[in-house]
Amino acid sequence: MAMNAAPSGGLADRLRVPSGLLLGVLALLWLGSVVRAPEDQMQGVIQKILYVHVPVVFAAYLGFFLTALGGALFLWRDDERYDRLARSAAEVGVLFCTLVLVTGPIWARGTWGRWWSWDLRLTLTLLLWFVYLAYLLLRGFTESSHRAARFAAVYGIVGVLTIPLNYFAIDLAAGRTLHPENLGRGSLGAGMGWPFALGLATAAAALLHLVARRVELEGLREELIRRRAGAREGAWTT
Amino acid sequence: MDYLIAAYALGVGAPLLYGLHLARQRRAVHRALRPPGTSRNPG
């Protein structure tokens with residue numbers, strides 16, 4: 001490979017198209033199963049928001065977990081690739097968490113008659129979103145600082161504690177909440193399991209695909225910065 | 001039904017748009033990394 005050629009041919013590059021195709025197929029299967037899923041007797045057709053709302057919650061959790069994992073590995077190994085993973089997963093996680101905060105109120109408006117209620121689950125979801133939004137702001141304002149990356153890694157690890165708090169909010173609220181309980185075995189009616197499972201698989205695949213693309217982009221950007229800095233140094237010395 | 005369509009439009013559309021944005025950014029960085037005077041498919 002020539003010294004200045006654009007980097008390509010890595011694992012991320014080779015998996016880009018297959019993972020995109022897999023995601024497309026999963027998304028089509030999921031949407032097809034949602035169309036064919038039976039309507040809920042109590043809520044009617046609006047209950048089908050469940051198949052998008054809950055999967056994006058779990059995808060957001062996965063994104064934030066990857067942020068913590070990347071942060072922990074960065075602190076341990078001091079390798080920038082893990083920091084890239086943490087930063088990228090936080091960004092994609094915030095995107096999915098935003099979708100939770102948008103699809104939830106749409107469902108609430110159709111069932112509770114109002115967009116928002118300050119109950120524990122909703123408030124903690126908003127808190128989760130703010131925690132990682134703050135992480136992104138921190139990274140945005142302190143670009144390419146090693147010290148800031150280490151601080152952000154610790155922040156990302158501590159921030160992940162809001163996930164169990166969020167997940168078990170319904171139990172913590174002890175009945176004082178409008179939000180439905182967490183899904184358990186047998187809580188979905190006949191014919192509702194497949195669209196839900198496919199929704200979970202699609203959301204997880206989408207998150208992983210987008211994180212991989214974001215990590216790849218971050219690597220390319222850093223390569224570009226390095227080359228430009230090298231070119232400037234070369235210009236100074238000649 | 002409108003609420004359902006809105007939720008799915010956002011749930012599918014937002015990640016799709018974000019993915020397209022990343023792809024566009026990737027192409028732009030690749031272009032910037034390519035040495036001047038070279039094309040993507042030489043020959």
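The values are calculated or read from the model by the stated rules, or taken from the named source; none is laboratory data. Keep in mind the model is a prediction, meaning the values are calculated, not measured. Every residue, glycine among them, receives a Cβ derived from its backbone with ideal geometry; neighbour counts consider all protein chains shown.
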> Only one residue in A:Leu62, A:Leu75 is away from chain B (no Cβ under 14 Å) and out of contact with any strand residue (DSSP E or B) (no Cβ under 7 Å at 6 or more places or on another chain), so which one is that?
Replying inline: A:Leu75
> Does A:Gly199 satisfy the condition of being more than 13 Å from chain B (Cβ to nearest Cβ), modelled with pLDDT of 85 or more, surrounded by 13 or more Cβ atoms within 10 Å (Cβ to Cβ) and out of contact with any Leu (no Cβ under 6 Å at 6 or more places or on another chain)?
Replying inline: no
> From the residues in the stretch A:109-119 that are hydrophobic (A, V, I, L, M, F, W, C) and modelled with pLDDT of 90 or more, which one is surrounded by the most Cβ atoms within 10 Å (Cβ to Cβ)?
Replying inline: A:Trp116
>> Which condition from (1) under 24 Å from A:Ala206 (Cα atoms); (2) surrounded by fewer than 22 Cβ atoms within 10 Å (Cβ to Cβ); (3) more than 14 Å from every other protein chain (Cβ to nearest Cβ) is the one that A:Tyr132 breaks?
In response: (2)
>> Between A:Arg150, A:Arg139, A:Arg109, A:Arg121, which is within 14 Å of chain B (Cβ to nearest Cβ) and more than 19 Å from A:Ala206 (Cβ to Cβ)?
In response: A:Arg109
> From A:Leu178, A:Leu124, A:Leu172, which residue is in contact (Cβ under 8 Å) with a residue 24 or more places away in the chain and either under 14 Å from A:Tyr61 (Cα atoms) or among the acidic types (Asp, Glu) (or both)?
Replying inline: A:Leu124
> Which helices (runs of 4 or more DSSP H) sit wholly inside the stretch A:120-238 and have at least 3 residues that are acidic (Asp, Glu)?
Replying inline: A:193-237
> Taking only pairs six or more apart or across chains, which ones have beta-carbon atoms under 6 Å, a first residue in the stretch A:101-118 that is in contact (Cβ under 8 Å) with a residue 40 or more places away in the chain, and a second residue that is buried (at least 18 other Cβ atoms within 10 Å of the Cβ) and among the aromatic types (Phe, Trp, Tyr)?
Replying inline: A:Ile106/B:Tyr3; A:Gly110/B:Tyr3
> Would a scan of the stretch A:145-159 turn up a residue that is touching a Leu at 6+ places or on another chain (Cβ under 7 Å), over 30 Å from A:Trp76 (Cα atoms) and at pLDDT below 95?
Replying inline: no
> Just checking, which of A:Asp40, A:Asp13 is under 21 Å from A:Thr111 (Cβ atoms), of a type in the set (Asp, Glu) and out of contact with any Phe, Trp or Tyr (no Cβ under 9 Å at 6 or more places or on another chain)?
Replying inline: A:Asp40
>> Just the residues that are in contact (Cβ under 8 Å) with a residue 60 or more places away in the chain and either within 11 Å of another protein chain (Cβ to nearest Cβ) or not aliphatic (A, V, I, L, M) (or both), please, taken from the stretch A:23-35.
In response: A:Leu23, A:Ala27, A:Trp30, A:Ser33, A:Val34
>> Checking A:Cys97 against (1) more than 9 Å from the chain's Cα centre (by Cα); (2) more than 10 Å from chain B (Cβ to nearest Cβ); (3) surrounded by 22 or more Cβ atoms within 10 Å (Cβ to Cβ): exactly one of these is not met. Which one?
In response: (1)
